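Structure, as structure tokens:
Nothing in this text is a laboratory measurement; each read-out follows from the coordinates by a stated rule. All of these numbers come straight from a predicted model, not from anything done at the bench. Virtual Cβ from ideal backbone geometry, glycine too; neighbours counted across all protein chains shown.
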Amino acid sequence: MAAPGVTVFVCVSCRDGEDADLRPGARLLEALRARLSERNLDIAVEPVDCLAVCKRPATVAFAGAGKWTYVIGDLDGGAHVDDLIDSAQNFAATDNGVVAWKDRPACFKKGVVSRVPPVS
Ligand code: FES
């Protein structure tokens, strides 16, 4: 089986600053899985415990074989799910993971924390 065009790692450990019981990433993961179950897309989703961006929940990383990895924060499990899926599709469509600025929804443009080159 071929590797997915993108794996979206979602931190499920961050806590909301105002409500310590809320886990924004867990909510985002649930919303992503629900939305993706309705569509047949080349997107894998994996929960992770920490992406070291704990002050900017919810946080995800886009990764793919031979591609730059992007870490994105400040995501909302309700408002950003569709834009996040669009971003992941645009990432998957690239050869190297670098998504053109015009192909980045606002949450991708504003939320980028870092990018890391692929291992060559
Ligand atoms: S606990 Fe979520 S990035 Fe650290």
From the phi of every residue in region 32-48, what ³J(HN,Hα) in whole Hz does the Karplus formula 6.51 cos²θ - 1.76 cosθ + 1.60 yield, where θ is phi - 60° and glycine or proline is x? 4, 4, 4, 5, 6, 5, 8, 10, 9, 10, 7, 10, 9, 10, 9, x, 9
Asserting the computed 222 nm helical MRE of the chain (DSSP H runs at least 4 long, -39500 (n - 2.57) per run, divided by residue count, to nearest 500) equals -8000 deg cm²/dmol
Assign one of three labels to region 53-120, namely rounded, prolate or oblate, based on the Cα gyration tensor with a ≥ b ≥ c the square roots of its eigenvalues; rounded applies when a/c is under 1.5, prolate when it is not and a/b is larger than b/c, and oblate otherwise. oblate
Taking amide hydrogens as modeled 1.01 Å from N in the peptide plane, which residues meet the under 5 Å criterion relative to D74, leaving out close sequence neighbours? A58
Contact order normalised by residue count of the chain, Cα under 8 Å, 6+ apart, percent: 29
Beta bridge orientation in region 6-116: antiparallel %, DSSP, nearest 5: 65
Report, by chain and number, residues whose modeled amide H sits under 5 Å from the one on V6, excluding near sequence neighbours (fewer than 5 apart, same chain). A44
Expected output is a single nm value to one decimal: the length gained when fully extending between D103 and L41, i.e. 0.36 nm times separation in residues minus the C-alpha distance. What is it? 20.6 nm
Exposure proxy check on S120, S87: fewest-to-most Cβ neighbours within 10 Å is S120, S87
